[in-house]
Amino acid sequence: MVNPFSIEKVVNKLRKFGVEVMKIRQGEALVNDKEIDLEQLDQELHEDGFALVKEKDWKIIDETVNYLGEYLDLMGKQAELPHYLTYLNEKMGINAATLNKFFYSIKNIPIEDYYKILKIERVKEKILENKLPMAKIAYLFHYKDVEALGIEFKKVTGISLNDYQSLVLV
C-alpha cells in the first residue's frame, strides 16, 4: 500500500537525481525529460523497497489484466476452458511461473490472488443483476458448488456470501 510518506520518499529520491516530478501517484511518476542513470536510480529506489518499472513492464501487466477479464467473460459462455494460467500462456507466450513472478514484482500481489479478486467482482455483478440463482452463478464461474463459491467469497471480501446478498438485495 502506498501512503503519503512513501510518495515523499520516492519524490526525494528522484530529486536527488535532479529529476523534476510533475505528477506522482501509486505506481506512476511523471517526470521531466532529463537524462539520468536509470540503473543507479533503480538501486537507490530498491534501498527503500521501491522499484523502477519501465513502460514496457506496465504494458505486460495491462495485457495480463485484459486477458484475465477476457477469460472471465468467456466463463459465462463456455463450459470448457483451459486453466486461466494456461489461457494467459496461450495468449501471451509467457509461462505461468515467469508471469506470476513478474506480476508480483510489479503489482505486489500474486496473479492467483488478483484473479480471485476479479472473479469475485464478477460474481458480485451477477448477484446485483438478481437474475440467476446462486447455484447457476457458481456454475458459471466454475465453482464446484455454492459452498465453494461462498468460501472463496468470504476469503476475498471478508463477508459471507449470504450477508452480502442480504446487504445488496434489499
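The lone criterion from (1) in contact with a Leu (Cβ under 9 Å, 6 or more places away or on another chain); (2) more than 30 Å from Tyr143 (Cα to Cα); (3) open to solvent by 40 Å² or more (accessible area, probe 1.4 Å) left unmet by Leu41 is number (3).
Residues in segment 134-150 that are farther than 18 Å from Tyr84 by Cβ and loosely packed, with under 15 Cβ neighbours inside 10 Å: Ala135, Lys136, Asp145, Glu147. Could we say that Pro82 is surrounded by fewer than 16 Cβ atoms within 10 Å (Cβ to Cβ), under 14 Å from the mean Cα position of the chain (by Cα) and without any contact (Cβ under 8 Å) to a residue 12 or more places away in the chain here? So Pro82 does not fit the description; no.
What are the residues in segment 104-116 that are surrounded by 15 or more Cβ atoms within 10 Å (Cβ to Cβ) and either charged (D, E, K, R) or modelled with pLDDT of 90 or more (or both), if any? If the condition is that a residue be surrounded by 15 or more Cβ atoms within 10 Å (Cβ to Cβ) and either charged (D, E, K, R) or modelled with pLDDT of 90 or more (or both), then Lys107, Ile111, Tyr114, Tyr115, Lys116 are the ones that fit. Lys131 fulfils the conditions (1) assigned to a helix (DSSP H, G or I); (2) farther than 24 Å from Ala97 by Cβ; (3) open to solvent by 40 Å² or more (accessible area, probe 1.4 Å); (4) free of Cβ contacts under 8 Å to residues at least 24 places away in the same chain except for a single criterion, (1).
This table checks each residue for (1) over 14 Å from the mean Cα position of the chain (by Cα); (2) free of Cβ contacts under 8 Å to residues at least 12 places away in the same chain.
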residue	(1), (2)
Asp62	no, yes
Gly76	yes, no
Gly93	yes, yes
Tyr114	no, no
Lys124	yes, no
Ala148	yes, yes
Phe153	yes, no
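The values are calculated or read from the model by the stated rules, or taken from the named source; none is laboratory data. Quick caveat, the model's predicted, so the values are computed rather than measured. Cβ sites come from the backbone with ideal geometry, for glycine too, and all protein chains shown count toward neighbours. In case anyone asks, the SASA skips ligands and DNA or RNA and just uses the protein heavy atoms, side chains included. Shrake-Rupley method; radii C 1.70, N 1.55, O 1.52, S 1.80 Å.
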